[in-house]
Amino acid sequence: MYNLIFMGPPGAGKGTQSQLISEKFSIPQISTGDILRANVRDKTELGQEAKGYMDSGALVPDELVVSMVAGRLTEADCSKGCILDGFPRNVSQAGALEDTLAELNKSIDIVVGIEVEDAEVVRRLSGRRVCRECGATYHTSFNKPSNADTCDKCSGELYQRDDDKEETIEARLKVYRDETLPLVEYYKGKKLFKGVAGVGSVDDITGAIVSAIEECCDNT
Ligand code: ADP
Ligand code: ADP
Ligand code: ZN
């Protein structure tokens, strides 16, 4: 069983990599961003509360996100582990996650920090395109779909996220530095953190993440 956390600035490749690792280890990817966007799209109560924060690049309040993740972790497909993509994003969420996992007799095996510099983040986010149907992620130059507007996996429509505009990207980077980066020290203190360079080919980065997981997690 692997319970993994993928951390990193917006655009580091958390979604891209967690999708691949999810397939490789047959464990679900739990992306708080994807779940929140689905709630915004469906105009649920949660979506309506979250939208303003997301549009400005701020974090959605902890209590909303924590209960959303806690509910998701009790679902049957998490019995063999999961990848948390984009959660926790501050120390308070990390504490809440530990409590939830403890109640389920689970714990974190490894926190993978995907490391990418700000200038590269801006390049990646400004060219990011996402599938409306399956959430697959593309890039207009680095990871082109065969047809500009359609998903290679499911033929869904590709779109640009509202928060991937340049002015919001800066705000998100600041939120990352101020609120999420302290988690690196937090998880280093617990000997759970493993940094992986997030530049280079997607496949090479996946390989480095798989090695980190296999080295760290003794599941025998
Ligand atoms: P990225 O991977 O580009 O950083 P995400 O899709 O993970 O973006 O998140 C998009 C937005 O959803 C965030 O800017 C934030 O408003 C909200 N969000 C996602 N995860 C969390 C979380 N764990 N806590 C609070 N807000 C979150
Ligand atoms: P995150 O979930 O961390 O916000 P994504 O996985 O959505 O990041 O990736 C952000 C953008 O960068 C996407 O357009 C994606 O196609 C692209 N991307 C991901 N990995 C790489 C890479 N190794 N090199 C270049 N571009 C990448
Ligand atoms: Zn798709």
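The values are calculated or read from the model by the stated rules, or taken from the named source; none is laboratory data. Owing to the predicted nature of the structure, the values given are computational and were not obtained by experimental measurement. So basically every Cβ, Gly included, is an ideal-geometry build from the backbone, and we count neighbours across all protein chains shown. Calculation scope for accessible area: heavy atoms of the full protein, side chains included, ligands and nucleic acids excluded. Shrake-Rupley method; radii C 1.70, N 1.55, O 1.52, S 1.80 Å.
Can Ser211 be described as polar (S, T, N, Q), within 26 Å of Cys82 (Cα to Cα), more than 15 Å from ligand 2 (Cβ to nearest atom) and open to solvent by less than 70 Å² (accessible area, probe 1.4 Å)?
Numbers: polar (S, T, N, Q): yes; within 26 Å of Cys82 (Cα to Cα): yes; more than 15 Å from ligand 2 (Cβ to nearest atom): yes; open to solvent by less than 70 Å² (accessible area, probe 1.4 Å): yes.
Yes: the conditions hold for Ser211.
Quick test of your reading of the structure: Lys106 fulfils all but one of (1) touching a Ser or Thr at 6+ places or on another chain (Cβ under 9 Å); (2) open to solvent by 50 Å² or more (accessible area, probe 1.4 Å); (3) more than 15 Å from ligand 2 (Cβ to nearest atom); (4) not aliphatic (A, V, I, L, M). Name the failing condition by number.
If we test Lys106 against (1) touching a Ser or Thr at 6+ places or on another chain (Cβ under 9 Å); (2) open to solvent by 50 Å² or more (accessible area, probe 1.4 Å); (3) more than 15 Å from ligand 2 (Cβ to nearest atom); (4) not aliphatic (A, V, I, L, M), just (2) comes out false.
What residue, among those in the stretch 83-102 that are more than 16 Å from ligand 2 (Cβ to nearest atom) and in contact with a Phe, Trp or Tyr (Cβ under 8 Å, 6 or more places away or on another chain), is farthest from Glu185 (Cα to Cα)? Before the answer, list the steps.
The initial filter retains those residues of the stretch 83-102 that are more than 16 Å from ligand 2 (Cβ to nearest atom), namely 90-102.
Still in the running and in contact with a Phe, Trp or Tyr (Cβ under 8 Å, 6 or more places away or on another chain): 91, 93-94, 97.
Working: Val91: 10, Gln93: 15, Ala94: 12, Leu97: 17 Å.
Across the stretch 83-102, the extreme among qualifying residues is Leu97.
Any idea which of Glu167, Glu98, Glu103, Glu117 is at pLDDT below 95 and over 23 Å from Asn39 (Cα atoms)? Walk me through it before giving the result.
Working: Glu98 fails: at pLDDT below 95; Glu103 fails: at pLDDT below 95; Glu117 fails: at pLDDT below 95.
The conditions single out Glu167.
Here are Thr137, Thr168: which of them is open to solvent by 30 Å² or more (accessible area, probe 1.4 Å) and either in contact with a helix residue (DSSP H, G or I) (Cβ under 8 Å, 6 or more places away or on another chain) or within 15 Å of ligand 2 (Cβ to nearest atom) (or both)? It would help to see each step written out before you state the result.
On the way: Thr168 fails: open to solvent by 30 Å² or more (accessible area, probe 1.4 Å).
Exactly one residue qualifies, and that residue is Thr137.
Tell me which residues, restricted to the stretch 74-97, are surrounded by 14 or more Cβ atoms within 10 Å (Cβ to Cβ), more than 10 Å from ligand 1 (Cβ to nearest atom) and among the charged types (D, E, K, R).
Hits for the stretch 74-97: nothing passes.
Looking only at the stretch 178-208, count every residue that is in contact (Cβ under 8 Å) with a residue 24 or more places away in the chain, in a helix (DSSP H, G or I) and within 16 Å of ligand 1 (Cβ to nearest atom) and tell me the total.
Here the count works out to 9.
With the checklist (1) more than 14 Å from ligand 2 (Cβ to nearest atom); (2) in contact with a strand residue (DSSP E or B) (Cβ under 9 Å, 6 or more places away or on another chain); (3) farther than 18 Å from Lys14 by Cα in hand, flag the one item Leu192 doesn't pass.
(3)
Wholly within the stretch 1-73, which helices (runs of 4 or more DSSP H) include no fewer than the required count, namely at least 1 residues that are under 17 Å from Ala212 (Cβ atoms) and either within 16 Å of ligand 2 (Cβ to nearest atom) or open to solvent by less than 40 Å² (accessible area, probe 1.4 Å) (or both)?
Details: elements: 14-25, 32-41, 45-56, 62-73.
The helices (runs of 4 or more DSSP H) meeting that bar are 14-25.
Quick one: is Asp149 within 16 Å of ligand 2 (Cβ to nearest atom), open to solvent by 60 Å² or more (accessible area, probe 1.4 Å) and over 17 Å from the mean Cα position of the chain (by Cα)?
When the stated conditions are applied, Asp149 passes them.
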